[in-house]
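In what follows, a single structure is set out as structure tokens and then discussed.
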Amino acid sequence: MEYVIAGSSEADVARFREILRDVPGVEFRVGSVPETGADCDAVILNPALAHERYGGTPRIGEVQVLINRNEDGAPEIILAAAPVTGAMAAPDDAQTEEFVYRLLDSCVTAFWEHFPDRTHTRLLVHLEGAAIDRPDAAVPARGVLRSLQEARG
């Protein structure tokens, strides 16, 4: 799997680029989901946005795979991240990093469960779209890094 890390802020994307610089198969882009995901097969979106735009009903603790039939420029496969309960008002850095790690890991796992025969996939991780943008971009970037390192063994 190849990854496209994107966001609307050049500074945030630059921070991710710096932290993920040694991870192969990762590309960085700046712009909206349609602007950055045109050549991607799938995108991770936060559940509220995903279900509002692409249908279905969120189920607590479950990643849902939706199909984009809107022709809106977003990838065809929408990975609606699992809604969480008991959200913390102000999670600390370790909690935020863990949340991002689990979000990415669970979405990638759900993708492979639904599409086990895919040989090549490009996954868009859009910071705002996935709701993992934070004032300090290094914190979610470390969660992404951990997930990618573990996935590659």
- If you scan the stretch 54-76, which residues turn out to be under 15 Å from Cys40 (Cα atoms) and of a type in the set (Gly, Ala, Ser)? Gly73, Ala74
- Message: Please determine whether any residue of the stretch 77-93 is among the β-branched types (Val, Ile, Thr) and at pLDDT 95 or above.
- Response: yes
- Item | Hits in the stretch 28-37 (condition: over 23 Å from Val63 (Cβ atoms) and either among the β-branched types (Val, Ile, Thr) or modelled with pLDDT under 95 (or both)) | Val30
- Message: If I filter the stretch 106-119 for residues that are more than 22 Å from Gly25 (Cβ to Cβ) and either free of Cβ contacts under 8 Å to residues at least 12 places away in the same chain or among the hydroxyl-bearing types (Ser, Thr, Tyr) (or both), do I get at least one hit?
- Response: no
- Task: Give me the pairs, please: first residue somewhere in the stretch 81-98 and more than 18 Å from Pro135 (Cβ to Cβ), second residue anywhere and at pLDDT below 90 and of a type in the set (Gly, Ala, Ser), beta-carbon distance under 9 Å, and either six or more positions apart or on two chains.
- Result: Ala82/Gly61; Pro83/Gly61; Val84/Gly61; Thr85/Gly61
- Options Gly153, Gly61, Gly73: the member that is over 13 Å from the mean Cα position of the chain (by Cα), at positive phi and at pLDDT 90 or above: Gly73
- Query: Counting just the residues of the stretch 17-58 that are among the β-branched types (Val, Ile, Thr) and more than 14 Å from Ala130 (Cβ to Cβ), which one comes out farthest from the chain's Cα centre (by Cα)?
  - Reply: Thr57
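The values are calculated or read from the model by the stated rules, or taken from the named source; none is laboratory data. All values derive from a computational prediction rather than experimental measurement. Note that we place each Cβ from the backbone using ideal geometry, even for glycine, and neighbour counts take in every protein chain shown.
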